[in-house]
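Structure first, commentary second.
The values are calculated or read from the model by the stated rules, or taken from the named source; none is laboratory data. These numbers were taken from a predicted model, which means no experiment stands behind them. Here the Cβ is made from the backbone with ideal geometry for all residues, glycine too, and neighbour counts use every protein chain on show. Just the protein is used for accessible areas: all its heavy atoms, side chains included, with ligands, DNA and RNA removed. Shrake-Rupley method; radii C 1.70, N 1.55, O 1.52, S 1.80 Å.
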Amino acid sequence: MGSKIFAVAALLAIIIFIGINDAVVSNRIDEIIVEIDDCESYEDAAIAREKFMKYERYISITVSHGDLTNIEDLLSEYEAQMRDGSDDAEITKSRLINALSHLRRLSGINIDSIV
């Protein structure tokens, strides 16, 4: 009987920790998306990249390294395009927001994150 209670308690604790992690990661990704969406200059893009790098260590606990590397590359590319005043910056911005939204889906409690 004691082992069943322990198993149920452990399962509940895991579910609670997953829910907390989902909320924290989603919140941080939303902050970065808002930061990128509001970018108007090279300095804004650099601040968004720094914010992502600050949060990356925590996010990397539950998300694929490949997805994070892709976002880092897009952030660097976006920052460089903003510095150069390239017309491609809007395309990269769109790809970056899409990649961050995908990352948020993968970190949540849904079928995408399980598969």
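Of the accessible area of the chain, computed with a 1.4 Å probe over protein heavy atoms only, carbon and sulfur atoms account for 58 percent.
Computed over the chain with a Gaussian network model linking Cα atoms closer than 10 Å, the most mobile of 96, 68, 11 is 11.
What helices does the chain hold that run 15 Å or longer along their axis, going by alpha-carbon atoms, with a Kyte-Doolittle average of 0.0 or more, using DSSP H for the helix calls? Length and hydropathy pass: 2-37.
Model label points for residue 51 and residue 101, set 7 angstrom from Cα along the Cα-to-Cβ axis, are 1.8 nm apart. Evaluated at q = 0.22 Å⁻¹, a Debye calculation over the C-alpha positions of the chain (equal weights, vacuum) places log10 I(q)/I(0) at -1.16. Expressed as a fraction of 2.2 N^0.38 Å, the value expected for a compact globular protein of N residues, the C-alpha radius of gyration of segment 19-61 is 1.20. Per-residue packing, averaged as other Cβ atoms within 10 Å, sorts the ranges 35-44, 20-29 into the order 20-29, 35-44, beginning with the highest.
How much area per residue is accessible in the chain when the probe is 1.4 Å and only protein heavy atoms are counted (Å²)? Show your work: numbers first, answer last.
Values: 7250 Å² over 115 residues.
Accessible area per residue, the chain: 63 Å².
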